[in-house]
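Report on the following structure.
The values are calculated or read from the model by the stated rules, or taken from the named source; none is laboratory data. Everything quoted here is computed from the prediction, not taken from an experiment. Quick reminder, even Gly has a Cβ in these numbers, built from the backbone with ideal geometry, and neighbours come from all protein chains shown.
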Amino acid sequence: KNQVEQSPQSLIILEGKNCTLQCNYTVSPFSNLRWYKQDTGRGPVSLTIMTFSENTKSNGRYTATLDADTKQSSLHITASQLSDSASYICVVSARGGNEKLTFGTGTRLTIIP
Amino acid sequence: GAGVSQTPSNKVTEKGKYVELRCDPISGHTALYWYRQSLGQGPEFLIYFQGTGAADDSGLPNDRFFAVRPEGSVSTLKIQRTERGDSAVYLCASSSRPNYGYTFGSGTRLTVV
């Protein structure tokens with residue numbers, strides 16, 4: 001069964017600090033992995049998307065890594081801001097078939113001043 | 001349109017009633033997806049349309065749920081005989097090509113009382 005697990009479930013950090021969120025997956029055959037940011041009451045917004053051949057991708061203060069051998073990904077947030085408070089969801093897509101995405105349950109990040 | 005539009009943003013209905021949720025995808029996006037997100041959980045796949053046809057409806061939980069996309073653009077998710085367990089945020093996403101570049105709407109929060 002395709003699964004995506006994220007850790008930690010929740011995280012509280014001070015404004016300006018860095019943090020790293022983790023994602024492990026068992027989706028096969030792997031196509032791509034995405035990180036989404038979801039603000040409360042809003043739909044998910046894409047941060048990064050990585051295919052099998054990519055092991056790092058940045059989007060401003062967000063940097064995602066991918067190790068396709070160990071089936072792990074991380075999202076690193078640099079110099080956190082209050083607006084970074086949100087849920088961060090790891091989503092993995094399988095190759096072929098019907099284009100379903102497998103979602104993790106997310107990490108709830110809270111930035112405090 | 002500029003983004004994926006979902007209406008209504010909030011819907012409260014009585015148990016046993018029928019509801020329709022609407023999704024207006026980004027113009028030209030041929031792929032459209034419906035997901036359901038319960039509180040504190042990641043989105044769960046419901047159905048995927050490629051054009052007018054449902055390419056995969058394996059995520060629909062039972063026959064009370066049905067979705068259409070008659071002209072390959074706007075889609076309507078229909079729920080008959082609603083139950084309290086149907087309460088969730090229903091998310092719609094579209095993409096210009098399968099398995100890449102999904103854009104999510106802000107969702108419809110359905111509450112069954």
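Across region B:10-64, the number of residues qualifying as within 24 Å of A:Q3 (Cβ to Cβ), surrounded by fewer than 20 Cβ atoms within 10 Å (Cβ to Cβ) and of a type outside the set (G, A, S) comes to 8.
Does B:A55 meet the test of being modelled with pLDDT under 90 and of a type in the set (G, A, S)? Show your work before the answer.
Details: modelled with pLDDT under 90: yes; of a type in the set (G, A, S): yes.
The answer is yes for B:A55.
For region B:24-34, the candidate set comprises residues that are away from chain A (no Cβ under 11 Å) and hydrophobic (A, V, I, L, M, F, W, C); within that set, the residue that is farthest from B:T111 (Cα to Cα) is B:I26.
The set of residues in region B:35-68 being within 8 Å of chain A (Cβ to nearest Cβ), outside any strand (DSSP E or B) and among the hydroxyl-bearing types (S, T, Y) consists of B:S58 alone. Put simply, of A:A94, A:A86 the only residue that is surrounded by fewer than 21 Cβ atoms within 10 Å (Cβ to Cβ) and closer than 16 Å to A:Q3 by Cβ is A:A94.
List the strands (runs of 3 or more DSSP E) that sit entirely inside region A:9-67 and contain at least 2 residues that are within 14 Å of chain B (Cβ to nearest Cβ), of a type in the set (S, T, Y) and out of contact with any Gly (no Cβ under 6 Å at 6 or more places or on another chain). Before you say what the answer is, go through the steps one by one.
Details: elements: A:10-14, A:19-25, A:30-38, A:45-51, A:56-59, A:62-67.
Ranges flagged: A:30-38, A:45-51.
Can you tell me how many residues in region A:68-84 are of a type outside the set (A, V, I, L, M, F, W, C) and part of a strand (DSSP E or B)? Before the answer, list the steps.
Kept after step one, since they are of a type outside the set (A, V, I, L, M, F, W, C), are these residues of region A:68-84: A:69-74, A:76, A:78, A:80-81, A:83-84.
From what's left, part of a strand (DSSP E or B): A:72-74, A:76.
Qualifying residue count for the region: 4.
Only residues that are among the β-branched types (V, I, T) and either surrounded by fewer than 20 Cβ atoms within 10 Å (Cβ to Cβ) or closer than 30 Å to B:G53 by Cβ (or both): list them for region A:66-83, please. If you could, list the steps in order and put the result at the bottom.
Of the residues in region A:66-83, the ones among the β-branched types (V, I, T) are A:70, A:77-78.
Within region A:66-83, A:T70, A:T78 qualify.
When restricted to residues that are assigned to a loop (DSSP other than H, G, I, E, B), facing another protein chain (nearest Cβ under 8 Å) and either more than 28 Å from A:P29 (Cα to Cα) or not acidic (D, E) (or both), region A:98-113 contains 5.
Among the numbered conditions (1) farther than 19 Å from A:K100 by Cα; (2) modelled with pLDDT under 95, the only one that A:L66 does not meet is (2).
Candidates are the residues of region B:78-105 that are facing chain A (nearest Cβ under 8 Å) and over 11 Å from the mean Cα position of the chain (by Cα); the one that is modelled with the lowest pLDDT is B:N99.
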